[in-house]
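Have a look at the structure below before the remarks.
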Amino acid sequence: MSCGAEHCITCGDDGVPMRVLRLDDERGLALCADGEGAHHTVETALVEPVAPGDELLVHAGVALVAL
Amino acid sequence: MRFVDEFRDAELGRALAGEILGLVEPGRHYKVMEVCGGHTHSIYKYGVDDLLPTNVELVHGPGCPVCVIPMGRVDDGIALAHIEGVIFTCFGDMMRVPGSRGTLLDAKAAGADVRMVYSPLDALRIAKEHPDREVIFYAIGFETTAPSTALTLKRARAERVTNFSCMCNHVTIVPPLRALLESPDLRLDGFVGPGHVSTIVGARPFEFIPADYGKPVVISGFEPLDILQSVAMILRQIAAGRCEVENQYTRVVPYDGNLRALEVMAEVFELRPHFEWRGLGFISHSGLRLSDAYADLDAERRFGVPGVRVADPKACQCGEVLKGVIKPWECKVFGTACTPERPIGTCMVSSEGACAAYYNYGRFARDREVV
């Protein structure tokens, strides 16, 4: 997930598929891994309930859709 | 990867290209606008337009949030960034958008504390790490990104982070489309509708396009086969004399959108009476600001901004490019005075901008062969 010369993922109306690794239920956050294995903290308020192993489409730190 | 590999299959792509060839009427020219900058980027990256017959033209719409930010709003951001003690945060591409006196990167070089973030949550984390500093998040984007800002502001409120605020530049997708459709110099046959905006707003808000303007809309995914299939669906509607909103991206887009996201947006934002768009001018009810309930987290109200309107540079034809009236390479300064390294217009800044996408991937493919 980078804002390099190639592609600005956050502002390009772009979604990144990620897999849920761990949940922080109290704060409504999930630790997720993208396709390259990099870890991200993701807000899950829009797609709850989620469980470890679920696949989410993530944009700008927020899961938009459960895949 | 699931949902990726199968949508890049070359054999299926060739079959779709053949189907599209069979759907077009010889001698008729078809103009289809892809609204979203993400689609523009995919089209050039994967050479989707090279698979289309020469009489099917893809026109690049106003769906890159960076590309539509007017200079005055950049200047306002830079003014905030220069306030003593402020940490100014924004998405990466925003840092290179020229205002009337330079970019946010220039402001950073001049001593302002400007930091790139990947999400508003990152900006909030910086605020928590620096309780003695004011942290401002420069929010841009359509309805895809607005829920992320809204949720972060709710979180800031819940966690009592008082040194965090937001300069809101979020925009909505329907008003500029209506403005484009009202434009007298525009002739389009259909729209490839925005995919991820529609995960939030759904497909229903686009129903006015077939109802009021008689143009088909197909909400599309971002992989090359998604876009090819969407073009085929538009051409199939035209061939059959149909005109409606169809959803190609059903694996992600619910027809009614995400109600939770719409609720949180309605709580945190309200419509501005009007908002200025680069190249398109002022459009009524097209921009969002923080609602009165969140006024204390509004950087514009907390600090005040100059709010000066700055005219677009004369040499730049971003407006005509955003309306699809001219191709990027037809602009007088394309690839000469205006390049991704030294952009004049915003369409050359973001890789989702039509000019940058054309410059990076497509500038040698102006004369296409018939498939």
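Every residue in the range B:169-186 that is assigned to a loop (DSSP other than H, G, I, E, B) and either of a type in the set (Lys, Arg) or within 13 Å of the chain's Cα centre (by Cα) (or both), please.
B:Thr172, B:Ile173
Show the residue pairs that are 6+ apart or on different chains and have beta-carbon atoms under 6 Å apart, the first residue being within the range B:117-132 and within 7 Å of chain A (Cβ to nearest Cβ), the second being among the β-branched types (Val, Ile, Thr).
B:Tyr118/A:Thr10; B:Pro120/B:Thr149; B:Pro120/B:Thr152; B:Leu121/B:Thr152
Only one of (1) modelled with pLDDT under 90; (2) open to solvent by 80 Å² or more (accessible area, probe 1.4 Å); (3) more than 8 Å from chain B (Cβ to nearest Cβ) is not met by A:Glu6, so which one is it?
Against the list (1) modelled with pLDDT under 90; (2) open to solvent by 80 Å² or more (accessible area, probe 1.4 Å); (3) more than 8 Å from chain B (Cβ to nearest Cβ), A:Glu6 comes up short only on (3).
Test A:Val42 against the stated conditions and say whether it is assigned to a loop (DSSP other than H, G, I, E, B) and either surrounded by fewer than 23 Cβ atoms within 10 Å (Cβ to Cβ) or at pLDDT 90 or above (or both).
no
If I ask for residues that are on the phi < 0 side of the Ramachandran plot and crowded, with 23+ Cβ neighbours inside 10 Å, which ones from the range A:49-63 would you list?
A:Leu56, A:Val58, A:His59, A:Val62, A:Ala63
Taking the residues in the range B:74-97 that are in a loop (DSSP other than H, G, I, E, B) and buried (at least 22 other Cβ atoms within 10 Å of the Cβ) as candidates, determine which candidate is nearest to the other protein chains (Cβ to nearest Cβ).
Going through the qualifying residues, I end up with B:Phe91.
Could you go through the range B:40-47 and let me know if any residue there is open to solvent by 60 Å² or more (accessible area, probe 1.4 Å) and either aliphatic (A, V, I, L, M) or more than 14 Å from every other protein chain (Cβ to nearest Cβ) (or both).
Checked the range B:40-47: no residue is open to solvent by 60 Å² or more (accessible area, probe 1.4 Å) and either aliphatic (A, V, I, L, M) or more than 14 Å from every other protein chain (Cβ to nearest Cβ) (or both).
Given the conditions (1) in contact (Cβ under 8 Å) with a residue 40 or more places away in the chain; (2) open to solvent by less than 40 Å² (accessible area, probe 1.4 Å); (3) farther than 28 Å from B:Trp277 by Cβ, report the number of the one that B:Arg157 does not fulfil.
Failing condition for B:Arg157: (2).
Looking at B:Tyr255, B:Tyr213, B:Tyr249, can you tell me which residue is more than 25 Å from B:Pro147 (Cα to Cα) and of a type in the set (Phe, Trp, Tyr)?
B:Tyr213 is the lone residue from the list that is more than 25 Å from B:Pro147 (Cα to Cα) and of a type in the set (Phe, Trp, Tyr).
The values are calculated or read from the model by the stated rules, or taken from the named source; none is laboratory data. Being a predicted model, the structure only gives us computed values, none of them experimental. Note that each Cβ is placed from the backbone with ideal geometry, even for glycine, and that neighbours are counted across all protein chains shown. Each accessible area value is taken on the protein alone, full model and side chains, heavy atoms only, with ligands, DNA and RNA left out. Shrake-Rupley method; radii C 1.70, N 1.55, O 1.52, S 1.80 Å.
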